[in-house]
1. Which residues, taken from the stretch 33-68, are touching a residue at least 60 places away in the same chain (Cβ under 8 Å) and closer than 20 Å to residue 162 by Cα?
2. Working carefully through the options 84, 97, find the one that is out of contact with any Phe, Trp or Tyr (no Cβ under 7 Å at 6 or more places or on another chain) and loosely packed, with under 14 Cβ neighbours inside 10 Å.
3. Mind checking which pairs have a first residue in the stretch 122-141 that is assigned to a loop (DSSP other than H, G, I, E, B) and a second that is open to solvent by 40 Å² or more (accessible area, probe 1.4 Å) and among the basic types (Lys, Arg), Cβ under 7 Å, 6 or more apart or different chains?
4. With 113, 160 as the choices, which residue is in a loop (DSSP other than H, G, I, E, B) and surrounded by fewer than 20 Cβ atoms within 10 Å (Cβ to Cβ)?
5. Please list, ordered by first then second residue, the pairs with beta carbon atoms under 8 Å, 6 or more apart or interchain, first in the stretch 71-92 and over 21 Å from residue 35 (Cα atoms), second surrounded by fewer than 12 Cβ atoms within 10 Å (Cβ to Cβ).
Amino acid sequence: MKCLTVFYSRAGENHFAGERKNLSVGNTERAAKVIAEAAGSDLFKLEQKTPYAEDYDTCVKQVVEDFKSKARPELLAKPESLEGCDEIYLGFPNYCGDMPMAVYTFLESYDWDGKTIHPFCTHEGSGMGRIESRIAETCPGAKIASGLAVKGSEVDDKTDEIISWVKGN
């Protein structure tokens with residue numbers, strides 16, 4: 001059984017523990033690296049061909065516009081195939097109570113029949129919300145495991161909790 005950790009993350013100016021902080025590595029990417037190591041999986045970063053602005057306020061405006069238009073941003077690359085990957089750890093920041101639209105671009109590109117998706121998100125207070133059900137709607141045939149929501153500003157302090165989630169999933 002092959003396993004893959006796929007994630008979308010954003011560096012730059014982020015909302016972080018009630019303040020703005022410039023991150024060289026995004027919160028979700030830091031969590032994804034811990035998960036990939038604990039799961040013994042390959043790691044794949046989803047990146048938009050046209051990335052959002054590094055400035056937080058501008059980024060939020062771009063995100064809202066993409067949600068309103070149901071955009072599917074073009075990705076720089078996607079895994080060629082998910083054949084042979086039975087377990088997918090899927091990470092993203094919670095944007096507006098949902099996944100970033102680029103994650104939908106990824107999800108809508110594959111047949112999910114018989115695969116298990118383990119969703120994880122970073123957030124600053126909104127948790128996982130209804131994202132698990134949105135993944136189920138988008139990925140017919142997939143089993144959606146119980147997700148993990150970690151406050152982005154606490155990712156570095158939650159390594160044991162993240163590893164425990166991987167081992168228990």
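The values are calculated or read from the model by the stated rules, or taken from the named source; none is laboratory data. No experiment lies behind these values; they were computed from the predicted model shown. All Cβ positions, glycine included, derive from the backbone under ideal geometry; neighbour counts span all protein chains shown. With ligands, DNA and RNA removed, areas are computed over all heavy atoms of the protein, side chains included. Shrake-Rupley method; radii C 1.70, N 1.55, O 1.52, S 1.80 Å.
1. Applying the first criterion (touching a residue at least 60 places away in the same chain (Cβ under 8 Å)) to the stretch 33-68 yields 34-35, 38-39, 46.
The answer is 34, 35, 38, 39.
2. On the way: 97 fails: loosely packed, with under 14 Cβ neighbours inside 10 Å.
On inspection, the qualifying residue turns out to be 84.
3. Short answer, once both residue conditions are applied: 124/151.
4. On the way: 160 fails: in a loop (DSSP other than H, G, I, E, B).
Exactly one of 113, 160 is in a loop (DSSP other than H, G, I, E, B) and surrounded by fewer than 20 Cβ atoms within 10 Å (Cβ to Cβ), namely 113.
5. 71/65; 72/108; 73/49; 73/50; 74/49; 74/50; 75/49; 76/49
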